[in-house]
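Before any comments, here is the structure.
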Amino acid sequence: TNKKIILFLGRLHWIKGLNTLIPAFAEVIKKEPDAVLVLAGGDESGYKKEIEFKIANYKLKINEEVIFTGMLLEDDKISAYKESDVFVLPSYSENFGMAVVEAMAAELPVIITKGVGISSNVAAAGAGIVIEKDEKQLSEAILKILNNPDLAKKMGENGRKLIETEFSCDKVSEECIKEY
């Protein structure tokens with residue numbers, strides 16, 4: 001089957017906006033039955049149970065399409081980025097968003113909220129879609145990327161370029177040195 005993989009990679013914690021992602025994904029499934037949501041991350045303070053409860057009690061039975069992987073390290077993490085179609089981080093607030101940088105380095109189009117520190121860079125580079133923390137905006141953004149392979153590819157390439165120009169190791173070290 002040609003599954004379309006939506007990847008969330010981060011701690012399972014309320015601040016990450018999973019309460020927006022789950023209902024948005026339920027909407028995506030209606031229009032894109034091949035979509036799968038991968039939640040990759042360690043459980044923070046038992047929040048996974050809450051998410052599972054939300055999924056199980058959803059009007060739409062989406063539990064078949066949601067996969068929890070637990071925390072992914074090195075190669076598994078790289079594979080997750082490489083095999084996914086879109087990366088989502090609908091956080092309330094995020095200082096920077098290291099996973100977003102990793103996703104872009106893997107040429108994955110990203111969908112993030114304005115609360116993510118790197119959102120203005122992503123918007124300016126055309127590396128993904130920046131949204132308000134809103135279910136409708138999130139489901140529409142996911143569908144837009146899943147249904148437009150050329151757009152997704154272009155965003156992925158733009159993200160990769162952004163990382164190479166703005167967030168390469170030298171560049172990041174330079175910024176850190178400036179800060180101190």
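The values are calculated or read from the model by the stated rules, or taken from the named source; none is laboratory data. All values reported here derive from a predicted model rather than from experimental measurement. Ideal geometry is used to build each Cβ from the backbone, glycine not excepted, and the neighbour counts take in all protein chains shown. Note: accessible area is taken over every heavy atom of the protein model, side chains too, but ligands, DNA and RNA are not part of it. Shrake-Rupley method; radii C 1.70, N 1.55, O 1.52, S 1.80 Å.
Quick one: in segment 44-74, of everything that is open to solvent by 70 Å² or more (accessible area, probe 1.4 Å), in contact (Cβ under 8 Å) with a residue 24 or more places away in the chain and of a type in the set (A, V, I, L, M, F, W, C), which residue is farthest from Leu18 (Cα to Cα)?
Across segment 44-74, the extreme among qualifying residues is Met71.
Kindly indicate whether any position in segment 65-85 is more than 26 Å from Ala106 (Cα to Cα) and either of a type in the set (A, V, I, L, M, F, W, C) or touching a His at 6+ places or on another chain (Cβ under 6 Å) (or both).
The initial filter retains those residues of segment 65-85 that are more than 26 Å from Ala106 (Cα to Cα), namely none.
Within segment 65-85, not a single residue is more than 26 Å from Ala106 (Cα to Cα) and either of a type in the set (A, V, I, L, M, F, W, C) or touching a His at 6+ places or on another chain (Cβ under 6 Å) (or both).
Determine whether Leu138 is of a type outside the set (S, T, N, Q), at pLDDT 95 or above, open to solvent by 20 Å² or more (accessible area, probe 1.4 Å) and in a helix (DSSP H, G or I).
Values: of a type outside the set (S, T, N, Q): yes; at pLDDT 95 or above: yes; open to solvent by 20 Å² or more (accessible area, probe 1.4 Å): no; in a helix (DSSP H, G or I): yes.
It is false that Leu138 is of a type outside the set (S, T, N, Q), at pLDDT 95 or above, open to solvent by 20 Å² or more (accessible area, probe 1.4 Å) and in a helix (DSSP H, G or I).
Could you check, for segment 80-98, whether at least one of its residues is in a helix (DSSP H, G or I), open to solvent by 30 Å² or more (accessible area, probe 1.4 Å) and within 26 Å of Pro33 (Cβ to Cβ)? Please lay out each step first, then the result.
Going through segment 80-98, the residues in a helix (DSSP H, G or I) turn out to be 80-83, 98.
Subsequent filtering for residues that are open to solvent by 30 Å² or more (accessible area, probe 1.4 Å) retains 82-83, 98.
Pick out the ones that are also within 26 Å of Pro33 (Cβ to Cβ) and you get 82-83.
Yes, because at least one residue in segment 80-98 is in a helix (DSSP H, G or I), open to solvent by 30 Å² or more (accessible area, probe 1.4 Å) and within 26 Å of Pro33 (Cβ to Cβ).
Look at Glu107 and say whether it is open to solvent by 80 Å² or more (accessible area, probe 1.4 Å) and modelled with pLDDT under 95. First the steps, then the outcome.
On the way: open to solvent by 80 Å² or more (accessible area, probe 1.4 Å): yes; modelled with pLDDT under 95: no.
It is false that Glu107 is open to solvent by 80 Å² or more (accessible area, probe 1.4 Å) and modelled with pLDDT under 95.
Is there any pair with a first residue in segment 12-24 that is more than 9 Å from Glu135 (Cα to Cα) and a second that is acidic (Asp, Glu) and open to solvent by 20 Å² or more (accessible area, probe 1.4 Å) whose Cβ atoms are under 7 Å apart and which are 6 or more apart or on different chains, and what are they?
Between residues of segment 12-24 that are more than 9 Å from Glu135 (Cα to Cα) and residues that are acidic (Asp, Glu) and open to solvent by 20 Å² or more (accessible area, probe 1.4 Å), the close pairs are Leu12/Asp43; Leu12/Glu44; His13/Glu44.
Which of the numbered conditions does Ala35 fail, given that it passes all the others? Conditions: (1) of a type outside the set (Ser, Thr, Tyr); (2) touching a Lys or Arg at 6+ places or on another chain (Cβ under 6 Å); (3) open to solvent by 40 Å² or more (accessible area, probe 1.4 Å).
The failed condition is (3).
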